[in-house]
Amino acid sequence: MPFPILRTPFVVLSEIIDLLEPNEIVTASLCSKKARRLLKNHYQRIKPSKWRVSMFSWGLVDIINCTVSNRINVMMARHISELPGEAHKSIEFNGYKGTFERGYPTLYFRDHVFGTKMVVDYVTDLFSLDIYGLIIDRNGLWAFDWINNRQEKLLGGMGLSKNPTYVLNEEKTLDNVLIVRNASSTDCVSTDSNVSDNVRFNRKLGPVDVVLSDTNECWVTCDYLMYSDAIKLFVSDSILTELDLNSFLRHWRVGGCPRLAYLKVFFDNKNAYVVNFDEDLEIVETNEVRKFRVVAEGDFEEIEGDYSIQRWDGVKATIRCELGYFTMVVWHADKN
């Protein structure tokens, strides 16, 4: 399909020009099938093994390079009603209007779902990659079924988030959250959306590698921590208390959350500070400094511990208490 070739390296442009006759240079199109084949072959040669395609159900496609924080928007599908006015010059691609005002190709369709599928197919074909991550809003459940039908490889991560254009509908919230929670995701599950105060955790989270909870605080309770079968757990805007954390640590000491390696709790109250631990937890002070791989290779965090706690089987964990957040790192014998 003659779409633009996203972000084209200079070396590839030079290679294309070398293939052209002088009278062809002006009329050559980077949207041509020949140029696309050349670029696709180039990407197969230089594509890093850590590249991953991430899809948002409202039309955005990202490429993630090594770490979640190192990502770039490469293409987007939007509804034709969102096409900017004459102040923004639009270009036609194979009959579809498009713009570049965001720094990447944005195409406009009368059928937004159709357009989203089209740009996702284009990007995944160009890089010969399956979809790794999926972020959905209340209107995006179609994407989950579509991906399951289009590829054999399971999603590496899935999340519920707010579409910048829409607001979550309360009666849809519960269904969406439960679908995300029970999704067959091997790497990451995230929630970045307000959840109804009436919704309660159903004790079915995991197994996954990473859980990111950036949602309204009522959702994340002590039960949420204790029944999360995750390796790395990040909780934002939390109203968990010292009593809750003591209960969780007691649960962990007797063998609960056996896969947990990293817990980070950011409190809603930025002045919150955990200082009181129950005596039966047998927590001792420490000043040990160690490094832990938080998300991906090469992404390490230096942990300077305030306290150390030991599980019934001898496995130790370092606890770091700072103003506004609580960190716990478990030092498994075969990991870290």
Would you grab the residues whose amide H sits under 5 Å from the one on I303? Only those 5+ places off in sequence or on another chain, please, with H modelled 1.01 Å from N.
R290, K291, F292
Cβ-derived FRET efficiency at R0 22 Å, D278 paired with K316, nearest 0.05:
0.80
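Tell me, what is the FRET efficiency for N271 and L141 to the nearest 0.05, using R0 = 41 angstrom and their Cβ-Cβ distance as r?
The value I calculate is 0.55.
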Please give the length that would be gained between K153 and E288 if that part of the chain were fully extended, namely 0.36 nm times their separation in residues minus their C-alpha to C-alpha distance (nm, one decimal).
44.5 nm
Say each of L323 and I239 gets a label point 7 Å from the Cα, pointing the same way as Cα to Cβ; how far apart are those two points in nm?
2.4 nm
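Values in this text are rule-based calculations from the coordinates and carry no lab data. Not measured: the values here are computed from a predicted model. Note that we place each Cβ from the backbone using ideal geometry, even for glycine, and neighbour counts take in every protein chain shown.
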